[in-house]
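Report on one structure; see the data block that follows.
The values are calculated or read from the model by the stated rules, or taken from the named source; none is laboratory data. The structure presented is a predicted model; accordingly, all values stated were derived computationally and were not measured. Neighbour counts are summed over all protein chains in view; Cβ atoms, including those assigned to glycine, are modelled from backbone coordinates with ideal geometry. Please note that ligands, DNA and RNA were not included when accessible areas were found on the heavy atoms of the full protein model with its side chains. Shrake-Rupley method; radii C 1.70, N 1.55, O 1.52, S 1.80 Å.
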Amino acid sequence: MIRTFLSACVATACIAVMAEAQTVAVTNAKLWTGEELVEGATVVIRDGKVTAAGDEASVPSGVEAIDAEGAWVTPGIFSAFSRVGIVEVGAEDTTNDTAAPMSTFGPALQLSDAFNPLATTVPVTRTEGVTRIAVAPGFGSSMFAGQGFIADTSGEPDSITEEKAFTFINLGEGGAGLTGGSRAAAWATLRAALADARTFPARYIASDEGDALGRLDAQALAPAARGDQLILVAVDRASDIRKVIDLKNDNQALNIALVSAREGWMIAEDLAEAGIPVILDPYANLPSRFEALGSTQKNAERLIEAGVNVAIAYFDDDSHQARLVLQAAGNAVANGVSHEDAMRAITSAPATIYGLDDIGTLETGSVGDLVIWDGDPLEVMSAPTHVYVNGVEQSLESRQTKLRDRYLSLDESERPMGFKR
């Protein structure tokens, strides 16, 4: 029995190694590299990395290739803003770890501690071709939401690739409400917090408190305050965006990107000159709040035309529907964004914003996230036929597909009691 058990363990380990070390080759592809479209291309992935890509690439000897037959082949889609894996049912508090409204901590909140790679939303996201997600915390009792992370959608225990990829700050109406009811209070709090973080740990030797942050929060914000970590800023009004640009101009070391920026188009040239990228949702095009009176369907188009690096995401109430990022990109195309720019906004652009040089592209040295499609990825009826994460093919099964298959052709006699007439 022991010998049998050990043999099974060895066999399992070998299968795992084989899965990680498989070589993938796709030929005759309509390849979106993350930057350009190449017809009749070949892509080769070995040991989780792209080793060859393009119309002059060849399949290694002895490797069986997948003939794409002219189908679209893209890098895995990158959702630049989501809450996949930290909320199952938004209305059920026990399944929602998005925000911590009763916590006294802010920047020190590390959202990766709440991530569940086995959440039902993960395979739902993956089956739509999304292989990478940026997962952002929600705002609780502080304008500082905490630390967001980057993960893949394999569902594996080690799927988080960057635990502290960015810190998330609210400088719009919400931030004002969380700091005393005024934007002036929000900005005073931010300046004090950055000063606390930059001088950590020196000013905390004699006391656990700074002007705005406690010891742990100052320690967590320190990398961002020194320019070593991305700062995502939630902001919409043009005047608020100008204040962020001023902050960047006064502190060139800061690495800042905007989230939402509904009135960003009004000062698109200034954002481009300051080198501040924007993560936006093309569906957020109505003046639903006073800070968003300038909302327009042309926001993405005008920002891109001005030279701003734009990533597209889909924002719902809990942002756990990251799979809809492709529809959001298609909506941007319907409102003036070129197909190439929209594809860039869901592949290479998010990777660039988050400083991930080997994600979001299919070129030599890139991570082996690859999707083969049955049509144009931005067409609502298109779907993946194959999805690879780190060079390993993924299941296209989810709870939804299981329910579909169960009830699609169910015999009347097999219906559960609740479905019987």
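With respect to F105, determine if the residue is under 25 Å from the mean Cα position of the chain (by Cα) and open to solvent by less than 30 Å² (accessible area, probe 1.4 Å). Lay out the reasoning, then the answer.
Values: under 25 Å from the mean Cα position of the chain (by Cα): yes; open to solvent by less than 30 Å² (accessible area, probe 1.4 Å): no.
Answer is no for this residue.
Would you pick out the residues in the range 109-123 that are open to solvent by less than 20 Å² (accessible area, probe 1.4 Å) and within 23 Å of G355 (Cβ to Cβ)? Passing the criteria: L111, S112.
Across the range 35-46, a minimum of one residue is classified as part of a strand (DSSP E or B), open to solvent by less than 10 Å² (accessible area, probe 1.4 Å), closer than 27 Å to P157 by Cα and at pLDDT 95 or above.
Apart from one condition, L378 fits all of (1) without any contact (Cβ under 8 Å) to a residue 60 or more places away in the chain; (2) open to solvent by 40 Å² or more (accessible area, probe 1.4 Å); (3) not assigned by TED's automatic domain parsing to the domain that holds N285; the exception is (2). Every condition in (1) assigned to a strand (DSSP E or B); (2) modelled with pLDDT under 95 is met by T27 except one, and the failing one is (2).
Just so you know, in the range 350-375 the residues that are open to solvent by 60 Å² or more (accessible area, probe 1.4 Å) and in contact (Cβ under 8 Å) with a residue 12 or more places away in the chain include one that is nearest to the chain's Cα centre (by Cα), and it is T352. Scan the range 350-400 for residues that are modelled with pLDDT of 95 or more and basic (K, R) and report the count. Here the count works out to 0. The residues listed here are R215, R126, R198; of these, the one that is of a type outside the set (F, W, Y), open to solvent by 60 Å² or more (accessible area, probe 1.4 Å), under 27 Å from I86 (Cα atoms) and at pLDDT 95 or above is R215.
A single member of G210, G180 is in contact (Cβ under 8 Å) with a residue 12 or more places away in the chain and farther than 16 Å from T98 by Cα, and it is G210. Note on the range 241-268: residues that are within 21 Å of T296 (Cα to Cα) and of a type in the set (S, T, N, Q) amount to 1. Note on the range 148-166: residues that are touching a helix residue (DSSP H, G or I) at 6+ places or on another chain (Cβ under 6 Å) and open to solvent by less than 10 Å² (accessible area, probe 1.4 Å) amount to 3.
Of all the residues in the range 60-76, those that are open to solvent by 10 Å² or more (accessible area, probe 1.4 Å) and either in a strand (DSSP E or B) or not aliphatic (A, V, I, L, M) (or both) number 9.
Listed here are the residues, each with its yes/no results for (1) part of a loop (DSSP other than H, G, I, E, B); (2) acidic (D, E); (3) within 22 Å of E36 (Cβ to Cβ).
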| position | (1), (2), (3) |
| --- | --- |
| D341 | no, yes, yes |
| A351 | no, no, yes |
| L362 | yes, no, yes |
| L396 | yes, no, no |
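Does the range 77-102 hold any residues that are small (G, A, S) and crowded, with 20+ Cβ neighbours inside 10 Å, and which are they? Hits for the range 77-102 are S79, A80, S82, G85, A99, A100. In the range 281-303 there is at least one residue that is of a type in the set (D, E) and within 30 Å of G85 (Cβ to Cβ). Please determine whether any residue of the range 401-408 is open to solvent by less than 30 Å² (accessible area, probe 1.4 Å) and modelled with pLDDT of 95 or more. No: zero hits.
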